[in-house]
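See below for the structure under consideration.
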Amino acid sequence: MRSLSLSTRMIAASALLALLVAGVFALLIHAVLTLDDARDREARSKEVTAAGVELEKLVIDFESGLRGVVLTGDSRFLRPAEAGRRQLPRQIGELERLVAGDPAQRRRVQALRVAIDDYVSDYLIPIGTIARDNPDAVRTSLATEEAKRRTDAIRATFNQLLATEDARAAASAESAETQSRRAIVLGAGGLVAVALLIVLFGLYLVRSTAYPVRNVAAAASRLASGDLSVRLKEGGPGEVGELTHAFNHMAAELERRERELELQNELLRESERKKSELVRIVSHELRTPLASILGFTSVLLNRDAAPEDQRRYLEIIDREGRRLSALLNDFLDAERLDEGHLALDRELIDVGRVVAEQVRLFEGQSEKHKLDMDVRARPLPVHGDPNRLAQVVGNLLSNAIKYSPEGGTVHVVAEQDDGLVRISVRDEGLGIPKELQEGVFGKFFRGDAPASGIPGSGLGLTIARSVVEAHGGRMDFESGRGEGSVFWMELPIAASN
Amino acid sequence: MRRSMYMLVAVVGLAVPAVYTWSSSAAGSGAAIGPSTIRITSRETSRVRVDLGRPGRGVGDTEVIRQNLFNKRIRSKPIGFSEYVCTFTTPTTRACNVTIFLPKGRLVAGGSIQYQELYELAVLGGTRLYDNARGTLTVIRTTRRPRRQILLFRLAG
């Protein structure tokens, strides 16, 4: 199940809290309203009771007047009652108004109204009239009993009405008391519950928001101070999870870019070093032949030399000029290799022949060295660029001679083996120490050569290996300090047809 | 003699069941049978006194009174009538037998009447709807001319 986002959780928690608060307040309001209602009912019951008692007092006045008439036969005793009659409609109306919302009591009041009206109109008034006409008629026991019967009936209705209202007032008072207690309990409970919920909500906010933000801030500080390895524990609700994930991603990206920058810096430093090396090599390698050329040219121009000396000087100038040219070609080839523009003019050739031509070319260049060629199969067909392959073989031969300053035999073997043409050049020279072997095919690598006074640009093997690899072959060597070296290359043999 | 006549007129007001017949709400009763209190009014229409013996009111004189019965809370026209037949037992007291004629039966009341302004009779019985009626009839005069009365029945069953 997908985790809810922090916003959703906060909104949900706030809504829940608001709902609970609203619920508590609704209960409180309900309790207060109920209490208010109970008090209203109690007050109304008391008002009904008061109005009922007032009305009953009127009836008692009637009864007292009537009793006076019955006892004396004098209708003047009814005068107060007649005055009371005028108040009767107002008082009954008031009572009816007070019980208007209570059907049962309303019926009782209506019955009371009828009973009182009947009592007044059917008995009180006629008795007054009769008392004037025949006082003896109203002094009978019948008159007394009838009056009692009627007032008893009215009083019974009054009692019923007032008892009901008393009971209601008592019930309302009790209900008001109960509601009051309930409101207090609800209010106190609600306040405690709301306070508790607010605290819980605050704790939740701290746990879900403040802690993660604090962790992120601490991690960001460490990141800012350079510790790019810092990572946060991913997870947490919604946005917090996204934040930790984004932070970790940012830190990883910063770390990766720093590594890249360091690598680029390293490359730049290497490039700078190579550039310096190039400048040094170029200046050194060019200066030597150039000095020779300039020196011998100056001698030829300023001195009278014998014809044989002049020729020898010119041969030196020619050789150094060619050396300069070869150097420049090497630089150009290295540049082409860097740019990936090494062009090959390939054709089906016999590599054995190329090797033989190069061996012949290098024979006699040094009196101390002997070139031993062993071409074990003819032809050795390869689909390749004859000039470039000749350049490679020449480079290997040149190196073998240069790095064998004490002289010795240079063995050149060309053979066919398992679909490949293998050419190896072995010398008996200085050899390459193990610690330097790794960089042999690198640009401008010259190992111990500068210390040994061996000239060179350090580009030959780089170019040679690139040419061989451009032909689909490979080049490598075996060597050791003082053991001489064997450089070999393998080229795919061309199909016989 | 005049007093006797008045008393007879009052008895004519025994029209309680009639009220019930015309409208159950008129007198606040829901049934002719069973405890109830019923109120109607009457108006005297005729009074005849038969003077027997010595002239003037005396023992043995007879009085016959006829009244119309009303329940004006329901309608203004009479709902029935009543007949009093009274015999004087003393110069001021008479024994009366009252028959109340109503649409669904008759009621019979009887007893001694001393003051015709206020008296009480026993309900002795009835016919049809008022069969076996029992209780008291209290009569109060309200006006002298014309003679009107209020009749209040308190029936036991």
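Summary table
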read-out	value
Within the stretch B:51-151, strands (runs of 3 or more DSSP E) holding 1 or more residues that are over 20 Å from A:T140 (Cα atoms) and either away from chain A (no Cβ under 14 Å) or touching a helix residue (DSSP H, G or I) at 6+ places or on another chain (Cβ under 6 Å) (or both)	B:62-70, B:80-88, B:94-102, B:105-113, B:118-126
Within the stretch A:213-265, tally of residues that are touching a Pro at 6+ places or on another chain (Cβ under 8 Å) and of a type in the set (S, T, N, Q)	1
The stretch A:404-441, residues that are crowded, with 17+ Cβ neighbours inside 10 Å, of a type in the set (D, E, K, R) and assigned to a strand (DSSP E or B)	A:R422, A:R426
Residue satisfying condition, being over 22 Å from A:A326 (Cβ atoms) and touching a helix residue (DSSP H, G or I) at 6+ places or on another chain (Cβ under 7 Å), within set A:A414, A:A390	A:A414
Yes/no for A:I493 being at pLDDT 85 or above, touching a Pro at 6+ places or on another chain (Cβ under 7 Å) and either surrounded by 21 or more Cβ atoms within 10 Å (Cβ to Cβ) or under 20 Å from A:L348 (Cα atoms) (or both)	yes
Any hit, the stretch A:105-115, residues being farther than 17 Å from A:G65 by Cβ, under 60 Å from the mean Cα position of the chain (by Cα), assigned to a helix (DSSP H, G or I) and more than 12 Å from every other protein chain (Cβ to nearest Cβ)	no
Members of the stretch A:339-375 that are under 60 Å from the mean Cα position of the chain (by Cα) and either surrounded by 11 or more Cβ atoms within 10 Å (Cβ to Cβ) or under 26 Å from A:I293 (Cα atoms) (or both)	A:L342, A:L344, A:R346
Output for the stretch A:214-230, where each listed residue is surrounded by 14 or more Cβ atoms within 10 Å (Cβ to Cβ), out of contact with any Asp or Glu (no Cβ under 7 Å at 6 or more places or on another chain) and assigned to a loop (DSSP other than H, G, I, E, B)	A:V230
Residue match in the stretch A:72-95 (condition: modelled with pLDDT of 85 or more and either within 14 Å of chain B (Cβ to nearest Cβ) or under 23 Å from B:T138 (Cα atoms) (or both))	no
Output for the stretch A:106-125, where each listed residue is without any contact (Cβ under 8 Å) to a residue 12 or more places away in the chain and of a type in the set (K, R)	A:R106, A:R107
Number of the condition not met by A:S457 [criteria: (1) free of Cβ contacts under 8 Å to residues at least 60 places away in the same chain; (2) surrounded by 18 or more Cβ atoms within 10 Å (Cβ to Cβ); (3) not in a strand (DSSP E or B)]	(1)
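Per-residue answers, yes or no, for (1) over 24 Å from A:Q391 (Cβ atoms); (2) of a type in the set (K, R):
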| position | (1), (2) |
| --- | --- |
| A:D304 | yes, no |
| A:P307 | yes, no |
| A:R311 | yes, yes |
| A:R322 | no, yes |
| A:E335 | no, no |
| A:A343 | no, no |
| A:L348 | no, no |
| A:V351 | no, no |
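The values are calculated or read from the model by the stated rules, or taken from the named source; none is laboratory data. This one's a predicted model, so the numbers in the text were calculated from it and none came from an experiment. Backbone-built Cβ (ideal geometry, glycine too); neighbour counts: all protein chains shown.
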